[in-house]
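The values are calculated or read from the model by the stated rules, or taken from the named source; none is laboratory data. Remember, it's a predicted structure, so these values are computed and weren't measured experimentally. Note that each Cβ is placed from the backbone with ideal geometry, even for glycine, and that neighbours are counted across all protein chains shown. In case anyone asks, the SASA skips ligands and DNA or RNA and just uses the protein heavy atoms, side chains included. Shrake-Rupley method; radii C 1.70, N 1.55, O 1.52, S 1.80 Å.
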Amino acid sequence: MNRFAFPPAFILLILPFVWRWLLPAVKGLHGDALKIPFISALEKISIKNGSLWQIGSAAGNGYSRFFWLLYCIWGLLVIAAARPQWVGEPVRLPNESRDIMLVLDISTSMLAEDFSYNNRRLNRLNAVKLTASEFTRKRANDRIGLILFGTRAYLQAPLTFDKQSVEQILWSMEAGMAGDSTSIGDALGLALKTLTQSSETPTKNQVIILLTDGENNDGSLSLPQAIRLAEAEKIKIYTIGVGSQNSYFSLFSGIVPGIDEKGLKAVAAAAGGQYFRADNTATLQKIYDLIDRLEADPRQNQFVRKIKELFYIPLLAAVLMALALELAMRRIN
């Protein structure tokens, strides 16, 4: 497809006519007419021998071929100024990748069977495995990292495009393998450190998704300290609380504290994210789907067209015509 980048330039096409007809005759030292030294030579040019050079006075109609040749040169210059372009077919921009760090609680309280899937009882950890694995598969253009935490926080998968390896780790994780308590502060600190040390992606494209069913009751970094770190690093954090909000008794861990919703909301607010609450598998799935939409690639529906400038073609033609006119004038003289 061809187009002109600056169509208003075509208004300049009338400029020679304005100059020829509307401007008053030049008055000066030689009276009302402007004397041209070589006009007598031009008037001698005849049409014989197929010559293209003929002054309007000889033709008798006021529009000489010489004038129209100059006008053609002017027209080509105007076309060049209008910037003719060739525009190619639209091409979708390549997706812009994000760094997403999944931070998952695998303390023994995650063994509570208060979730269900296909009418079957399911513990919290298995529900997380199902939903987090599906979320990971959807983020085809992103690097995914994985931190598991209980009493201690461990980087199980550094940021990688290898989603299959991340899924394998997700399905192999077991409750209690990182300890029985919950160190949310340490886990967040490790996630922030991992992302800030990754220089390949700008900070604005880095996201942390923290999931837990308890409150920060262990570790060296308190939740207020983690919140201050999150504010300083400006990395977006989504927090998800799963299970019961109140304390309950577990055969594995005795009295288990409920979700610290106030703390999780404070973390999300400080980091420009959101807090979500999931008390069943369907809700947890919707939360991951919502985060997937919130963190959609900003360029996924953007297209570009290849543009090739063609102004040099009329410009070159104008230069060649001007050279031809100059050579012809020299031969006449």
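Could you work out the local net charge near residue 87, counting Lys and Arg as +1, Asp and Glu as -1, over the other residues with Cβ closer than 9 Å to its Cβ?
On the way: positive: 3, 305, 306, 308; negative: 89.
Residues close to residue 87 contribute a combined charge of +3.
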Read phi for every residue in the stretch 159-169 and hand back ³J(HN,Hα) as whole Hz from Karplus 6.51 cos²θ - 1.76 cosθ + 1.60, θ = phi - 60°, with x for Gly and Pro. 4, 8, 8, 7, 5, 5, 5, 4, 5, 4, 5
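If the only charges are +1 at each Lys and Arg Cβ and -1 at each Asp and Glu Cβ, what is the size of the charge dipole of the stretch 115-205 around the Cα centre, to the nearest 20 debye?
280 debye
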Search the structure for amide H atoms under 5 Å from the amide H of residue 259, placed 1.01 Å from N in the peptide plane, and list their residues when 5 or more places away or on another chain. 245, 246
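Using 1/(1 + (r/R0)^6) with R0 = 35 angstrom and r between the beta carbons of residue 309 and residue 332, what's the FRET efficiency to the nearest 0.05?
Details: r = 37 Å, r/R0 = 1.05.
Once rounded, the FRET efficiency stands at 0.45.
Which length gain, in nm to one decimal place, applies between residue 292 and residue 86 when the Cα-Cα distance is subtracted from 0.36 nm times their residue separation? Don't skip to the answer; put the middle values down first.
Details: separation 206, 0.36 × 206 = 74.16 nm, distance 3.80 nm.
Net length gain for the segment: 70.4 nm.
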Can you give the accessible area of residue 117, probe radius 1.4 Å, in Å² rounded to 10? 110 Å²
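Which FRET efficiency, nearest 0.05, do residue 133 and residue 3 yield, Cβ-Cβ r, R0 41 Å?
Values: r = 48 Å, r/R0 = 1.18.
Taking R0 as 41 Å, the efficiency between residue 133 and residue 3 is 0.25.
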Within 15 Å, Cβ to Cβ, of residue 104, how many net charges do the neighbouring residues add up to if Lys/Arg are +1 and Asp/Glu are -1? -3
Kindly state, to the nearest 0.05, the FRET efficiency for residue 19 paired with residue 324, given R0 = 30 Å and r defined as their beta-carbon distance. 0.85
Express in % the proportion of alpha carbon pairs of the stretch 119-210 at distances exceeding 16 Å. 58 percent
Carbon + sulfur, % of accessible area of the stretch 131-231 - ligands and nucleic acids excluded, 1.4 Å: 47 percent
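What net charge do the residues around residue 222 carry, taking every other residue with its C-beta under 11 Å from that of residue 222, with Lys and Arg at +1 and Asp and Glu at -1?
Details: positive: 228; negative: 186, 218.
That works out to -1.
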Can you list the HN-Hα couplings for the stretch 109-126, worked out from phi with the Karplus curve (6.51, -1.76, 1.60; θ = phi - 60°), rounded to whole Hz and with x for Gly and Pro? 5, 6, 7, 4, 8, 10, 10, 9, 8, 6, 6, 10, 5, 9, 7, 4, 5, 5
